[in-house]
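Some notes on the structure that comes next.
What follows draws every value from the coordinates through simple rules; no lab data is involved. Predicted model only: the values in this text are computed from it and were never measured. Please note: Cβ atoms are built from the backbone with ideal geometry, for glycine as well, and neighbour counts cover all protein chains shown.
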Amino acid sequence: MVLPFTVAYCDANSADEHLADDHRLALIRFQEPVRVDPDPRSCPVPLPELGGAATAEVWLSPRPVQAGMVSGVGYAGNGDVLFLQLRSNEYAPDALQPLTAIAYRRLFAVARAQGYPHFLRIWNYVPNLNQECGGLERYLAFCAGRRQVLDAVLADVETRLPAASAIGFPASFVPLAKEENVGKNGLRLYALAARESGEQIENPRQVSAFHYPPEYGRRGPSFSRAVLKRWGNDGHHLYISGTASVVGHISRHDDLMAQLDETLVNLEALLTVASRRAATPLQPALLRVYVRPASDPAPLRRRIVQAFGSAVPMLFLQADICRRELLIEIEGLAVSPAG
Ligand code: 3EB
């Protein structure tokens, strides 16, 4: 018996070889010049990698996958899990809320039609995330559009929220009428869905994001801090949302290293709670670190190694984070020893 998928980092320069293998659910690439790639498993994320390496992320499947594209949503499934991705166009910078709602509707509709109605994890990449538009920060417009759909599609929404990250990248508007520009400037989502649901985990050090006070948006962020998924007797996965230096609902510390330390304490707290729920210790298997300033990742890596050991693969990306004052955010995957 084996887990229904595993995730690993690989060299971006030889990543194409993975797409020739039908035992691959997804290939996440970074710093990609946008190109039209017809393979629905190939998922570019437009963020530069820090530290000089060229890394890609590959989702390995023990069984062949079935991939396709429907309603503009690319998908690949292996019987237990479904990878999905979608890129949209922005027709106007102040219409992010309806654009997000449409994207989420399509994502949920395709997952349901494929027989994987339960979302475990959603990655959101939002152009110009922190920009004010029509008096509203675009992150808040995104949150409102997402909330609208999750309220409609999830019964008992506050106990069924997927884990998430919402990350920004700089974008300029390009002429949309041109075919070659399709998908270049809009919201990008990718996600993991399953046949059966996972268990929502919240962080005891943090106010649940869906209970943030109204200054974070009248219809504020809707995500869980993590989702725990038990794969039969094969082990557990813990999908860890973007975790930052937020205690209660307040952003803490002005400098990067202090924010990193607080973030690591938050991650430890989350792993403790989840390990208790799983009745087995969960260890980080993979960490993705988003850093706002273009910094040398070496001191960050050293500090994370002190917390989690040197065996954990890490990837550092330069990105916008949803609160302007936040400088670092860490997401990842943790596994139980059986996995
Ligand atoms: C926070 O804790 C930091 O809106 O999907 C982290 C992860 C954050 C996900 C989201 C936001 C999101 O509130 C921000």
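Remarks
- Rounded FRET efficiency, nearest 0.05, which uses the C-beta distance separating E268 from N130 and R0 of 25 Å: 0.35
- Proximal charge balance of P337 [Cβ under 14 Å; K/R count +1, D/E count -1]: 0
- Local net charge near I201, Cβ-Cβ under 11 Å (Lys/Arg +1, Asp/Glu -1): +2
- Note on region 237-271 and region 12-30: Cα centroid distance 31 Å, given to the nearest whole angstrom.
- Karplus 3J(HN,Hα) series, Hz, for region 48-62 with 6.51 cos²θ - 1.76 cosθ + 1.60 (x for Gly, Pro): x, 8, 8, x, x, 7, 10, 10, 10, 10, 10, 9, 9, 10, x
- Taking the chain as a Gaussian network of alpha-carbon nodes connected by springs under 10 Å, the highest mean-square fluctuation of the residues Y290, Y104, Y91 belongs to Y91.
- Exposed GluC sites (Glu not before Pro) absent - longest run of the chain, DSSP non-H/G/I/E/B, at most 16 other C-beta within 10 Å: 1-195
- Cα-based shape type of region 39-172, given that a ≥ b ≥ c are square roots of the gyration tensor eigenvalues and the cut on a/c is 1.5: oblate
- Electrostatic tally near R302: other residues with Cβ closer than 15 Å to its Cβ, Lys and Arg +1, Asp and Glu -1, net 0.
- Three-way shape label, the chain, alpha-carbon gyration tensor, a/c 1.5: rounded
- The charge dipole of the chain, taken about its Cα centre with unit charges on the Cβ of Lys, Arg, Asp and Glu (plus for the first two, minus for the last two), comes to roughly 640 debye.
- Gaussian network model of the chain, springs between alpha carbon atoms under 10 Å - residue of P127, P221, P64 with greatest fluctuation: P64
- Label zone at N13 (point 7 Å along Cα-to-Cβ), backbone N below 12 Å, region 46-71: 53-55
- Most mobile listed residue (R288, R302, R160) in the chain, GNM with C-alpha springs under 10 Å: R302
- Prolate/oblate/rounded call for region 122-161, Cα gyration tensor, a/c under 1.5 rounded: prolate
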